[in-house]
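Asks: Take this structure, written in C-alpha cells, and hold onto it; I'll ask about it next.
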Amino acid sequence: MRTIVRIVSATAAASVLAVVACSTQSRVPADDTTSKAASSAPSVAPSSATRDSASAQVKIAQLEAEARALAKATGCNSANACRTAPVGERACGGPRDYIVYCAATTDSVALFKKLDALKTAEVEFNKSSNAMSTCEFRMPPKTASIGGRCRAAGAP
C-alpha cells in the first residue's frame, strides 16, 4: 500500500511540475474548493531552467522587435533598391524569416548588428532547450517597390 501511495504522490508531483513549467499565464485566484485542496499539496516554484527559457524567449522577441523597427520599408522607388535580411535561426539551421527593407533609408550596419545579436540569442536558446524545427531551406523573398515602399513580391 505504501508503494502505491509513493507512486501516486510522485505522479502527482510530476504533474504539478509539468503544469508549472508549461504555464505562461499569471495565476488566477482559486475558489474555496480548490484552495483547500491546494493547501495540502506541496508548494512548487518554477525551476531556474523554466525561468531562463522564458527570459531567453523575451530577449529574442525584444531583439526581433528592435531589428524590425530599424528596417525602414519606405523611400525606395524601385525593387532594385530594396533588400532582404535574414531573421533569427531555426534549430535545424538557417533563418526563420526575412525582413524586406529599403537600403537608402535603413541604417544597414545597425540592422545587421541587431540581427546578429538576435541570431546568437536564438542559437543559444535552441541549443539549451533542445529545440527542433523543420529542415527545409528557406529562400529570401523577391522584392518589389509599391508606392515607394519595399515589400516581398506578392505580399499584400
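Where a number appears in this text, it was derived from the coordinates with a stated rule and is not lab data. If you're wondering where the values come from, they're calculated on a predicted model, not measured in any experiment. Cβ coordinates were reconstructed from backbone atoms using ideal geometry, including for glycine residues, and neighbour counts include every protein chain displayed.
Asks: Kindly write out, for the range 84-95 in residue order, the coupling ³J(HN,Hα) from the Karplus curve 6.51 cos²θ - 1.76 cosθ + 1.60 (θ = phi - 60°), rounded to whole Hz, with x marking Gly and Pro.
Replies: Once θ is set to phi - 60°, the couplings for the range 84-95 become 10, 9, x, 10, x, 8, 6, 4, 8, x, x, x Hz.
Asks: Which value, in debye to the nearest 20, gives the size of the charge dipole of the range 72-156 about its Cα centre, when Lys and Arg are +1 and Asp and Glu are -1 at the Cβ?
Replies: Using Cβ point charges on Lys, Arg, Asp and Glu, the range 72-156 gives about 220 debye.
Asks: Cys92's amide H: which non-local residues (gap 5+, or another chain) put their own amide H closer than 5 Å, with H modeled 1.01 Å from N in plane and none for Pro or chain starts?
Replies: Ser133
Asks: In a Debye calculation with equal point scatterers on the alpha-carbon sites of the range 72-156 and no solvent, what is log10 I(q)/I(0) at q = 0.13, 0.24 Å⁻¹?
Replies: At q = 0.13, 0.24 Å⁻¹ the computed log10 ratios are -0.47, -1.06.
Asks: For Thr74, Thr84, which order do you get if you count the other beta carbons within 10 Å of each Cβ and list the fewest first?
Replies: Ascending number of Cβ neighbours within 10 Å: Thr74, Thr84.
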